[in-house]
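Reading through the structure tokens given below for one structure.
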Amino acid sequence: MTATRGVLSAGSNIGDRLGHLNSVVERFADDLVAVSPVYSTPPWGGVEQEDFYNITLIVEGPHGPYEWLTIGAELEEAADRTREVRWGPRTLDVDVITVSECGDVVHSDDPRLLLPHPRAADRAFVLVPWLAIEPDATLWTPAGVQPVATLIDRIDPAERAGVVPVAQLPVARPR
């Protein structure tokens, strides 16, 4: 398998939020290129709930897109994630935002893994942490490849202002 590079987003707003996010960092440690600071973010999607803690990770390793997804799902299961309400509270959510192989963006229309993530360009809680660890980041959108900084500028300023750094997780083996 050729190495792929992925951008993952993780969030938690139930229980030990930092502990859940730290489990993600620990699991991906061998493939970790960078991890953002932890950001407190208001919930997205209109469901009344506690604020989330979110991180973005850049990973690189001998895993295909579905393997990144499977690892994230295993972490969610270990955190006792339930899926009762769309965009509702959760112990842990790990999303694959984008994956590239040999420098080419992987596209997928599979409902289990839509790539690049179809709503990432609209979510400050994904883009702000990503930009913190990759200032030149770009994201493929239906309108073409866009700088993440430009996408952030298009998001409502109040939403951007709600994404606030709160902590830095320990990283044992950054690459």
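The values are calculated or read from the model by the stated rules, or taken from the named source; none is laboratory data. All of these numbers come straight from a predicted model, not from anything done at the bench. In this analysis, Cβ positions are derived from the backbone assuming ideal geometry, glycine residues included, and neighbour counts consider all displayed protein chains. Accessible surface is based on the protein model in full, side chains and every heavy atom, while ligands, DNA and RNA are left aside. Shrake-Rupley method; radii C 1.70, N 1.55, O 1.52, S 1.80 Å.
Spacing of the modelled spin labels on Glu134 and Asp30, each 7 Å from Cα toward Cβ, amounts to 2.2 nm. Between Tyr66 and Ala3, the modelled labels are 2.4 nm apart [label points 7 Å from Cα along Cα→Cβ].
Over the residues of the chain, the helix contribution to mean residue ellipticity at 222 nm works out to -7500 deg cm²/dmol, using -39500 (n - 2.57) for each DSSP H run of at least 4. On full extension, the segment bounded by Leu18 and Gln168 gains 53.1 nm, given 0.36 nm per residue less the C-alpha separation.
Entry comment: accessible area of the chain is 49 Å² per residue, from protein heavy atoms only and a probe of 1.4 Å.
Explain nothing, just the number: relative contact order of segment 36-147, from Cα pairs under 8 Å at least 6 residues apart, as a whole percent. Relative contact order of segment 36-147: 24 percent. Stretching Glu50 away from Arg112 to a fully extended chain increases their span by 19.6 nm, per 0.36 nm per residue minus the current alpha-carbon distance. Here the extension length gained between Arg154 and Glu84 equals 22.1 nm, from 0.36 nm per residue of separation less the Cα-Cα distance.
Along its first, second and third principal axes, ordered by size, segment 100-164 spans 33, 24, 20 Å in Cα coordinates. Cα-Cα pairs above 26 Å in segment 48-175: how many percent? Percent of Cα pairs beyond 26 Å in segment 48-175: 23.
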